[in-house]
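Just so it is clear, none of the values below were taken in a lab; they were calculated from the coordinates. As the structure is a prediction and not an experimental result, all values here were calculated from the model. So basically every Cβ, Gly included, is an ideal-geometry build from the backbone, and we count neighbours across all protein chains shown.
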Amino acid sequence: MNWIIQQTPKGKPVHKGYLFFIMLVALITGLFSYWLDQSFYFGPFIFGLAAPDGPPLGSSLVQRYDFMVSAVLLPLFVTSNVLLVNPKDMSFQSHVVKANATLLLVSTAAKLVGTFVPAVFCKMPLMDALVLALILSCKGVVELGNLATDGETLDNEVYCLMVFAILINACFVPLLVKHLYKPSRKYAGYQQRNVSCLRSNSELRILACIHRQDNISAVINLLDACCPTKDNPIGLYVLHLIQMFGQATPLFISHRMQRKTISNCAYSEDVLLSFFNFERDFCEAVTVHPFTAVCPSDSMHEDICTLALDRLASLLILPFHRHWTLDGSIKSQDPTIRSLNISVLERAPCSVGILVNRGPLRQQGKSSSSSQALQYKVALIFLGGEDDREALALTQRMAADPSISLTVYYLTASTDSDVPDWGRILDMESLRNYKEAYVSDDSYAFYKEEVAENGPQTVAILRNIVNQYELLVVGRRKNMETSQTSGLDEWNEFPELGIVGDMIASDDFRCRCSILVVQKQQYTTS
């Protein structure tokens, strides 16, 4: 199998013929085990221990055969064993059944207590200790397989009792664990971790997530536009996310602390090279801390949110799940990444920005020239709300760069209340601060007001300006209903982008600019 790995080019899947050969050998080892009067599972089990986990071989085997095993063979195995159970055979009149039932209760209680007490002694929270005890006392397919193997030594009554115990355990323990353990509670926002609350000349800590190669240039160009300087530095935490296949233990690698990879497969080489070069270009203005997470897709949001929480990040950048070609047609889309983005938006301990890459974010070669041709044009669509105020705070950092032209469009309606609420007061104060600090005759920061009485007028305004800029920044504005967006929520394809962001990113607009959708830190617990 090591020879097969050596014959596989880096980054390429294992040839199908090799995979078929490995499965054939696994079946042959099972046949040999049967001829030697051993369990049929013994040979494939030993052969599986010799197979290296992780990419490329382990992940290829899992990708090709996991569905067949999990969706077909495993249900058939469980069903065939449960069909042997006849509830009428189980009677608690037998002393053997009573003794086994007592032993079952005592052993389960011993497992619970034996796990709960040491966990509490090690100062683990009571609820977490209870959940850990429930998980470690759970019985499942392995125990069912043992019962099937030992079927000749068990009578029908004891076999029925054990199978029912496994079924009850497998049904109720997951429900209890899901009810008692809520990992998202640790992300509850009790501290302000957003761009708006940062003081001037303070470090902006950003956690950028990378899934694939084309995410690298998009994120780097966005960070370049944020104008990192010695007075306004950026602490960049890069998390390369790799979906785990064929590997039992997830990995979380800090490349600053561990220069060498922990397996024969090198993780994140291209990511490291690109971001270290970016750090070198902005000497003393950018500090890069790269990480790699190899984990199942269902738990990726935990790694992202935990890292953002531990590193006190103020902004989390997530790539959008859809990718386009140069002519505007859809190149690919990954539903797994979309589910991940939604999970992070619900749990993130800081502000979140979803980056939709539909065009070049920055021309190569940063210049301080005032020539209009060399300027990078950014626009902010401001309708009001905390998400828009957070987006304004982020774009104000861009306005400090003389090679960036920033235009803030404030879409207002005549139907707005004459007696403003607190949110509107904050909106007007934020806009006033922006105009006083950045808008002047000799600057490239602009402010424009547009009247949009309804959704169609907002669409018309956006169509006129969308292709005049390289980057559009909008707030997500979840569950905010205003006259400017009336009637547009019915056409919202991707709620994670908000109404305005989804509309600009839609194929109907045919925009060639990139979009950054910002959600301010949520202070509610899940």
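Using alpha-carbon positions, what is the distance between the centroids of the range 458-486 and the range 196-216, in Å?
23
For residue 50 and residue 177, FRET efficiency with R0 = 30 Å and r from the beta-carbon atoms, rounded to 0.05?
In this case the efficiency is close to 0.35.
If you build the Cα gyration tensor of the range 70-121 and take the root of 5 times each eigenvalue, what three semi-axes come out, in whole angstrom, biggest first?
29, 23, 5
Computed FRET efficiency, Cβ-Cβ of residue 277 and residue 70, R0 30 Å: what is it to the nearest 0.05?
Once rounded, the FRET efficiency stands at 0.10.
Can you list which of the chymotrypsin sites (Phe, Trp or Tyr not before Pro) found in the range 70-139 are DSSP loop residues with at most 13 other C-beta atoms within 10 Å?
92
Taking R0 as 41 Å, what FRET efficiency do you get between residue 252 and residue 441 from their Cβ-Cβ distance, rounded to the nearest 0.05?
0.20
What is the extension gain from residue 333 to residue 111, computed as 0.36 nm multiplied by their sequence separation minus the C-alpha to C-alpha distance, in nm to one decimal?
75.4 nm
Using 0.36 nm per residue, how much length does the chain from residue 297 to residue 77 gain when fully extended, once their Cα-Cα distance is taken away?
Contour length minus Cα-Cα distance gives 76.5 nm.
Between the DSSP loop rule and a limit of at most 14 other Cβ atoms within 10 Å, which chymotrypsin sites (Phe, Trp or Tyr not before Pro) in the range 466-526 are left?
Answer in residue order: 523.
Label-point separation (nm) for residue 2 and residue 155, each offset 7 Å from Cα along Cα-to-Cβ?
5.4
Given labels modelled 7 Å from the Cα in the Cβ direction, how far is it in nm from residue 191 to residue 38?
A separation of 5.5 nm, rounded to one decimal place.
Hey, could you pull the Cα Rg and Dmax for the range 2-82, both in Å?
Calculated on Cα positions, Rg and Dmax stand at 14.3, 45 Å.
Which residues make up the longest stretch of the chain clear of GluC sites (Glu not before Pro) that lie in a DSSP loop with no more than 11 other Cβ atoms within 10 Å, not counting the sites?
The segment 1-283 is the longest one with no such site.
Check each of the chymotrypsin sites (Phe, Trp or Tyr not before Pro) in the range 179-229 and keep only those in coil by DSSP with at most 14 other C-beta atoms within 10 angstrom; list them in order.
Details: sites: 181, 187, 190; in loops: 181, 190.
Sites meeting the loop and neighbour criteria: 190.
Can you tally the net charge around residue 345? Count Lys and Arg as +1, Asp and Glu as -1, for every other residue whose Cβ sits under 9 Å from the Cβ of residue 345. Write out the running numbers ahead of the final one.
Numbers: positive: 347, 476, 478; negative: 346, 496.
Once all neighbours under 9 Å are counted, the net charge is +1.
What does DSSP give for the chain in terms of the percent of beta bridges that are antiparallel, rounded to the nearest 5?
Roughly 20 percent of the DSSP beta bridges within the chain come out antiparallel.
What number comes out for the charge environment of residue 387, summing +1 per Lys or Arg and -1 per Asp or Glu over other residues with Cβ under 9 Å away? Numbers along the way, then the final one.
Numbers: positive: 389, 476, 477, 478, 520; negative: 386, 388, 390.
The answer is +2.
Fully extended, how many nm does the chain gain between residue 326 and residue 269 (0.36 nm per residue separation, minus their Cα-Cα distance)?
My answer for the length gained is 17.9 nm.
Please report the relative contact order for the range 2-82, taking Cα pairs under 8 Å with a sequence separation of at least 6, and give it as a percent rounded to a whole number.
Relative contact order of the range 2-82: 27 percent.
Hey, which of these cross-link pairs are over 30 Å Cα-Cα: 377/520; 448/520; 98/123; 182/230; 12/186?
98/123; 182/230; 12/186
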